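The values are calculated or read from the model by the stated rules, or taken from the named source; none is laboratory data. Keep in mind the model is a prediction, meaning the values are calculated, not measured. Positions of Cβ are backbone-derived with ideal geometry, glycine not excepted, and every protein chain shown enters the neighbour counts.
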Amino acid sequence: MDSDDPTVVHDVVMPNEMDNQYYKIVLSCTVLFTSDAALMTLPETAKMVMDNASIPGPGGGRTALYALVVLALLRSDVQ
């Protein structure tokens with residue numbers, strides 16, 4: 001990554017793979033954004049995060065991507 005690039009790597013473990021690492025980061029409370037931390041404030045979204053954190057590695061990527069879309073839609077409905 002270029003030192004002038006303002007992009008923040010959200011998942012340092014597998015930044016180019018869609019896996020369950022994002023959800024593990026949310027569960028560990030080490031997220032970069034308060035909007036990500038907010039996923040754990042409602043029982044419905046917290047359950048989704050916990051469920052998706054248990055999807056194994058890159059094989060669960062498509063499911064994890066779908067879950068991100070669902071969580072984003074839920075988050076926008078709650079706000």
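Structural remarks
- The combined condition, being surrounded by 10 or more Cβ atoms within 10 Å (Cβ to Cβ), of a type in the set (Phe, Trp, Tyr), modelled with pLDDT of 70 or more and part of a helix (DSSP H, G or I), is not fulfilled by residue 66.
- Breaking point among (1) at pLDDT below 70; (2) surrounded by 13 or more Cβ atoms within 10 Å (Cβ to Cβ), for residue 15: (2)
- Extreme residue, modelled with the lowest pLDDT, among residues of the stretch 19-40 that are touching a helix residue (DSSP H, G or I) at 6+ places or on another chain (Cβ under 9 Å) and surrounded by fewer than 13 Cβ atoms within 10 Å (Cβ to Cβ): 32
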